[in-house]
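First up is the structure itself, then whatever we jot down about it.
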Amino acid sequence: MSKKLTILMIVPVALMALVISGFSYQNQDNKFTANPSDNLVIPDNVNEILDNKCFGCHNVDAKSDKAKEKLLLDQLTTLSKAKIVAKLDDIHEVVEKGEMPPEKFLEKFPDKALTDEEATILKNWAKSASDELMGE
Ligand code: HEC
């Protein structure tokens, strides 16, 4: 095979690899993974629920300014202890009242509703993490 032909074949393959790795990188980037923090640890099972059911609206790149103003999950662990406590209490309250995800959104995406089990896991976590921070 001539050198020129080999190069001609390598270029598209390399480009494709670049594109594919770019895509998977983006996907990873869009997933919620809590920043490590001394103030707040988010267990994997809680992280997974927040990622599936809440993160889409409560992240810095989300569309709704209202949702972002109220809660940014990707910044939660970086807040001060007092602010984390306030956010945890808010999370507990909206889940307790069944206010999140918003009803209108659930009409279109019913599978995004929290199951009873998920609601319990979120509430227990929010309560115990908040209590722990308050106790310190
Ligand atoms: C479809 C988008 C969407 C999803 C999904 C969503 N939220 Fe929200 N969230 C909003 C919007 C919009 C607001 C602002 C509501 C307002 O101010 O009236 C909000 C507000 C909140 C607030 C602040 C409430 C207050 O008044 O202080 C909390 C806490 C919250 N959401 C938690 C969650 C949790 C936990 C989940 C997942 C179980 C979730 N959200 C899923 C859009 C969303």
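The values are calculated or read from the model by the stated rules, or taken from the named source; none is laboratory data. Because the structure is predicted, anything quoted here is derived from the model rather than measured. Don't worry about glycine lacking a Cβ; one is built from the backbone with ideal geometry, like all the others, and counts go over all protein chains shown. For the accessible areas, the whole protein counts, side chains as well, though only heavy atoms, and no ligand, DNA or RNA atoms are used. Shrake-Rupley method; radii C 1.70, N 1.55, O 1.52, S 1.80 Å.
For the pair residue 4 and residue 77, label points projected 7 Å from Cα toward Cβ lie 5.5 nm apart. Taking Lys and Arg as +1 and Asp and Glu as -1, the other residues whose beta-carbon sits under 15 Å from that of residue 69 total +2.
Ignoring ligands, DNA and RNA, what percent of the 1.4 Å accessible area of the chain is carbon and sulfur? Solvent-exposed carbon and sulfur of the chain make up 58 percent of the total. Sorting 91-100, 107-116 by their mean Cβ neighbour count within 10 Å, with the most densely packed peptide first, gives 91-100, 107-116. Entry note, the chain: the mean residue ellipticity at 222 nm calculated from DSSP H runs of n ≥ 4, each adding -39500 (n - 2.57), is -20500 deg cm²/dmol after division by the residues and rounding to the nearest 500.
Over the Cα atoms of the chain, Rg to Rh with Kirkwood Rh, two decimal places? The partial results should precede the final answer.
Working: Rg = 20.5 Å, Rh = 17.2 Å.
In the chain, Rg relative to Rh is 1.19.
Against the chain, whose longest principal axis is taken from its Cα atoms, helix 116-135 shows a tilt of about 70°.
Of the cross-linked pairs 63/127; 81/112; 81/108; 63/104, those separated by over 27 Å at the C-alpha level are 63/127; 81/112; 81/108.
From most to least packed by mean Cβ count within 10 Å, the peptides 83-89, 51-57 give 51-57, 83-89.
With the simple model of a label 7 Å out from the Cα in the direction of the Cβ, residue 45 to residue 108 spans 3.2 nm.
Think of the chain as a dipole: +1 on every Lys or Arg Cβ, -1 on every Asp or Glu Cβ, centred on the Cα centre; then among 124, 88, 109, 109 lies furthest on the positive end.
Between the beta carbons of residue 37 and residue 14, assuming R0 = 35 Å, the FRET efficiency works out to 0.35 to the nearest 0.05.
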